[in-house]
Amino acid sequence: MNLGQAVAVCLYELARGKPEKTAASKVELATAGDAEQITGAVLEALGISGYIKPGTDAMFEKKTRRLILRRKLEAYDAKLLLGMVRQVVWKLRQGERDDERNRDKNNEGKK
């Protein structure tokens, strides 16, 4: 057997071997509370942005909660996602404040 064939056989055996399950067993999943916080933040962002139409609040809440829970997020991923959504909500609120200031300036100019 030459060197190339020996390497091919070794790589085949490594690829064929079963992966260790120790890393998978240490994964901590997000809690229901984490999922609920994410759901609340996502719904808040959708409400501020105008995505949720009046009268469809309950349906969107149910669908959003189901979507988040199906993801089976790891605890770290849940924290990361929550931080991202909170940042989006903060930015949307900043935009709302800027819009209000501009409206106030325009109304003062008309007087």
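The values are calculated or read from the model by the stated rules, or taken from the named source; none is laboratory data. The shown structure was predicted, so the numbers you read here are calculated from the model rather than taken from an experiment. All Cβ positions, even for glycine, are placed from backbone atoms using ideal geometry, and neighbour counts span all protein chains on display. Surface areas here come from the heavy atoms of the whole protein model, side chains and all, with no ligands, DNA or RNA. Shrake-Rupley method; radii C 1.70, N 1.55, O 1.52, S 1.80 Å.
The residue that is least open to solvent (accessible area, probe 1.4 Å), among those in the stretch 56-88 that are in contact with a Ser or Thr (Cβ under 7 Å, 6 or more places away or on another chain) and more than 10 Å from Ala30 (Cβ to Cβ), is Thr64.
Quick one: would you say Lys91 is under 11 Å from the mean Cα position of the chain (by Cα), surrounded by 11 or more Cβ atoms within 10 Å (Cβ to Cβ) and of a type outside the set (S, T, N, Q)?
Details: under 11 Å from the mean Cα position of the chain (by Cα): no; surrounded by 11 or more Cβ atoms within 10 Å (Cβ to Cβ): yes; of a type outside the set (S, T, N, Q): yes.
So Lys91 fails the test.
Is at least one residue of the stretch 11-19 within 28 Å of Asp99 (Cα to Cα) and either of a type in the set (Phe, Trp, Tyr) or modelled with pLDDT of 95 or more (or both)?
The initial filter retains those residues of the stretch 11-19 that are within 28 Å of Asp99 (Cα to Cα), namely none.
Scanning the stretch 11-19, I find no residue that is within 28 Å of Asp99 (Cα to Cα) and either of a type in the set (Phe, Trp, Tyr) or modelled with pLDDT of 95 or more (or both), so the answer is no.
Just one of the numbered conditions (1) under 12 Å from the mean Cα position of the chain (by Cα); (2) loosely packed, with under 11 Cβ neighbours inside 10 Å; (3) not acidic (Asp, Glu) is not true of Lys53: (1).
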